[in-house]
Amino acid sequence: MKSIACIGLIAFAALLVMFPNSTSSISEPFPSIPILSDDKSVMMQQKVISMNIAEDNTLPWGFVRGKVTNPADGYPVIIQIYKNGEPVNFAQTDVNADGSYEYKFRVRNVDGDQVINIFQGDYDVKIFKTVYVAPTAKIV
């Protein structure tokens, strides 16, 4: 049931700290949108940031890393990457006991003399996290 609820809320809410590679830039996130569960014990939060993979990038991997404060047990962090509004890569990753998470993805392949840049240019990255609602928290 948790996974169905989580999938149903993918279009909404998360927390992100991102280090895709040394040539990428991070913009300020948009405001978070809290979405409550039916019993109001957990909520999903969404953050959206910009990612740029430079044309002259030589690194093979990008990373999305962060830490969830007060993570809800059994709910993964969901990562969605878009280019020009079109979906490019969707993933989910588990939250560790300390609240940290990491998603590693390939941005560049090299096969002999052939170089393929999988990611290049500007992207929007949406990160979704599910957290327990504090008993004193006011959700508007």
**Report entry** Hits in the range 80-109 (condition: within 15 Å of I53 (Cβ to Cβ) and aliphatic (A, V, I, L, M))
**Finding:** I81, V88, V107
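A quick yes/no check of all residues on (1) under 10 Å from the mean Cα position of the chain (by Cα); (2) at pLDDT 90 or above; (3) not hydrophobic (A, V, I, L, M, F, W, C):
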| residue | (1), (2), (3) |
| --- | --- |
| V17 | yes, no, no |
| P29 | no, no, yes |
| D38 | no, no, yes |
| M43 | no, yes, no |
| T58 | no, yes, yes |
| V64 | yes, no, no |
| V88 | no, yes, no |
| K104 | no, yes, yes |
Query raised in the report: If we only count strands (runs of 3 or more DSSP E) wholly inside the range 38-109, which ones have 3 or more residues that are buried (at least 19 other Cβ atoms within 10 Å of the Cβ) and in contact (Cβ under 8 Å) with a residue 40 or more places away in the chain?
Result: 42-53, 61-67, 77-83
Query - Matching residues in the range 110-125 - criterion: being within 30 Å of P71 (Cα to Cα) and loosely packed, with under 15 Cβ neighbours inside 10 Å - result: D122
**Report entry** Sole exception among (1) at pLDDT below 95; (2) among the β-branched types (V, I, T); (3) in a strand (DSSP E or B); (4) under 21 Å from V42 (Cα atoms) for I116, by number
**Finding:** (4)
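For the structure I just gave you, tell me whether F128 is surrounded by fewer than 18 Cβ atoms within 10 Å (Cβ to Cβ) and either assigned to a strand (DSSP E or B) or of a type in the set (F, W, Y) (or both).
Numbers: surrounded by fewer than 18 Cβ atoms within 10 Å (Cβ to Cβ): no; either assigned to a strand (DSSP E or B) or of a type in the set (F, W, Y) (or both): yes.
When the stated conditions are applied, F128 does not pass them.
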Query - I81 being out of contact with any helix residue (DSSP H, G or I) (no Cβ under 8 Å at 6 or more places or on another chain), more than 24 Å from S37 (Cβ to Cβ) and modelled with pLDDT of 90 or more - result: yes
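The values are calculated or read from the model by the stated rules, or taken from the named source; none is laboratory data. All values reported here derive from a predicted model rather than from experimental measurement. Here Cβ is always computed from backbone atoms with ideal geometry, including for glycine, and neighbour counts include all displayed protein chains.
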